[in-house]
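Working notes, structure below.
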Number of protein chains: 2
Amino acid sequence: MSKMSQTELAVLGALSVQSMSGYAVRAAITGTLGHFWGESFGQIYPTIARLEGAGFVERDVAGKTSGSTFGLTLAGRKRLVELLAEPNQSAPPRNGTLLRLFFGSLLGPEVCQQILDDARMRAEQQLAELDAIAHEVRAEVRADPDARYRLLTVLAGQHSARAQIAWVEESLELLTM
Amino acid sequence: MSKMSQTELAVLGALSVQSMSGYAVRAAITGTLGHFWGESFGQIYPTIARLEGAGFVERDVAGKTSGSTFGLTLAGRKRLVELLAEPNQSAPPRNGTLLRLFFGSLLGPEVCQQILDDARMRAEQQLAELDAIAHEVRAEVRADPDARYRLLTVLAGQHSARAQIAWVEESLELLTM
DNA sequence: CCGAGCATGTAACACGTTACATGATTGC
DNA sequence: GCAATCATGTAACGTGTTACATGCTCGG
């Protein structure tokens, strides 16, 4: 699977929840998937157009005076499941913070501590957001068992953020020893 | 800072440790920085050429019959510190595993459990590698305090891998409830 | 002498972001 | 009527990977 079809996957997924405009797809992705996925307009519209050409997506102009609504066709839903089942090929990691810290001796301990503090602050902020979302989603799960899957992605973010914070603590100790 | 200068940063960093060929830069990056950074030949050679044009890197053909050695100039070392000091602008995250699990209800619990097991296996394998490296680097730190910075990046990987494993455990429980 | 690995590069393609252009709708 | 937001798209640019082409050198 090319990387492009990762974008297709995200778009098809968004439209599988409900039909909506391209603009709304973007909003749905940055809002709901925002903690682990991102797409820009420049990707979304061409992708929708390609999916429409391939018969996976249908445009419903209907009586609307402006804008259109896009929805999955049957083939589109099948294609979505197909893409979901493919193994995830992850891109090589690129962590700018670690790259900087690796050469930290050229920067000095003070600057490195600042970089670490920044990382901790970002992680703490993200953790707070995720805690709030987790609370909501846990409530949803009681009503709809399928909401578990959404909860999984929130849990992943929480674990990751907490690990980041613990790492910063340990690292600061190591630097000030 | 453009994203390109992230590649410049990695290349300058590699050459700051010692002068070497472009081929060796690639080996150094995939080897030593491999757990949090990746570069391909197609990026490295043009980047070295650009750095050479800008006067940050010097080519030393010397008496060698083939190949050349690249080393940092004074301006190059200054440039490296400059880039290191710039704030890290991280790319929007793209986690294919989470994207799939988010739409897990379309795949069913069994497939999702398999995805989680895969993730755990990869994390465990990475953790084992990192544990070994950490052992080595801790020994180096006793001789050279500057090796701490290398240790930081290894610690980050360990925390991240352990978090991943803990997340899988919790998620599997949630799915089999 | 021949294959494996060292070494340098380029070209084609894929991917992605940003900025721009354009217009409709809606609430004040 | 005017501003904010919804909505659709394109063009330019930067970035990055892959595959290819080429030649050296060194050990067996």
**Item:** Filter pass, B:L51 being among the aliphatic types (A, V, I, L, M) and within 14 Å of chain A (Cβ to nearest Cβ)
**Value:** no
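So that you can scan it fast, the table gives a plain yes or no per residue for (1) away from DNA strand C (no atom under 16 Å from the Cβ); (2) of a type in the set (D, E, K, R); (3) touching a residue at least 24 places away in the same chain (Cβ under 8 Å); (4) within 11 Å of chain B (Cβ to nearest Cβ):
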| residue | (1), (2), (3), (4) |
| --- | --- |
| A:E58 | yes, yes, no, no |
| A:A75 | yes, no, no, no |
| A:L80 | yes, no, yes, yes |
| A:S90 | no, no, no, yes |
| A:P93 | no, no, no, yes |
| A:E110 | yes, yes, no, no |
| A:I115 | yes, no, no, yes |
| A:A128 | yes, no, no, no |
| A:E136 | yes, yes, no, no |
**Unmet requirement for B:A91, which otherwise passes all of (1) away from DNA strand D (no atom under 14 Å from the Cβ); (2) loosely packed, with under 12 Cβ neighbours inside 10 Å; (3) not in a helix (DSSP H, G or I)** = (1)
**Item:** Flag if B:G104 is within 7 Å of another protein chain (Cβ to nearest Cβ), farther than 29 Å from B:S16 by Cα and more than 20 Å from the chain's Cα centre (by Cα)
**Value:** yes
**Asked** Would you say A:H159 is at pLDDT 95 or above, facing chain B (nearest Cβ under 9 Å) and part of a helix (DSSP H, G or I)?
**Response** yes
**Item:** Contacts under 7 angstrom Cβ, first residue in the range A:1-17 being modelled with pLDDT under 80, partner among the polar types (S, T, N, Q), 6 or more apart
**Value:** A:M1/A:Q89
**Some residue of the range B:142-158 being β-branched (V, I, T) and buried (at least 21 other Cβ atoms within 10 Å of the Cβ)** = yes
**Message:** Quick check on the range B:16-39: of everything there that is near DNA strand D (Cβ under 10 Å from one of its atoms) and surrounded by fewer than 17 Cβ atoms within 10 Å (Cβ to Cβ), which residue is nearest to the chain's Cα centre (by Cα)?
**Reply:** B:G38
**Item:** Top-ranked residue in the range B:100-136 [being of a type outside the set (A, V, I, L, M, F, W, C) and touching a Leu at 6+ places or on another chain (Cβ under 9 Å); ranked as surrounded by the fewest Cβ atoms within 10 Å (Cβ to Cβ)]
**Value:** B:D117
**Fill in**
Given (1) touching an Asp or Glu at 6+ places or on another chain (Cβ under 9 Å); (2) more than 13 Å from DNA strand D (Cβ to nearest atom); (3) part of a helix (DSSP H, G or I), A:G13 misses just (1)
**Message:** Anything in the range A:40-56 that is in contact (Cβ under 8 Å) with a residue 24 or more places away in the chain, within 13 Å of DNA strand D (Cβ to nearest atom) and of a type outside the set (S, T, Y)? List them, or say none.
**Reply:** A:Q43, A:I44, A:I48, A:R50, A:L51
**Prompt:** Just one of B:R150, B:R122, B:R138 is in a helix (DSSP H, G or I), more than 24 Å from A:E173 (Cβ to Cβ) and of a type in the set (K, R); which is it?
**Reply:** B:R122
**Item:** Test for A:G42: is it within 13 Å of DNA strand C (Cβ to nearest atom) and within 25 Å of the chain's Cα centre (by Cα)
**Value:** yes
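The values are calculated or read from the model by the stated rules, or taken from the named source; none is laboratory data. If you're wondering where the values come from, they're calculated on a predicted model, not measured in any experiment. Backbone-built Cβ (ideal geometry, glycine too); neighbour counts: all protein chains shown.
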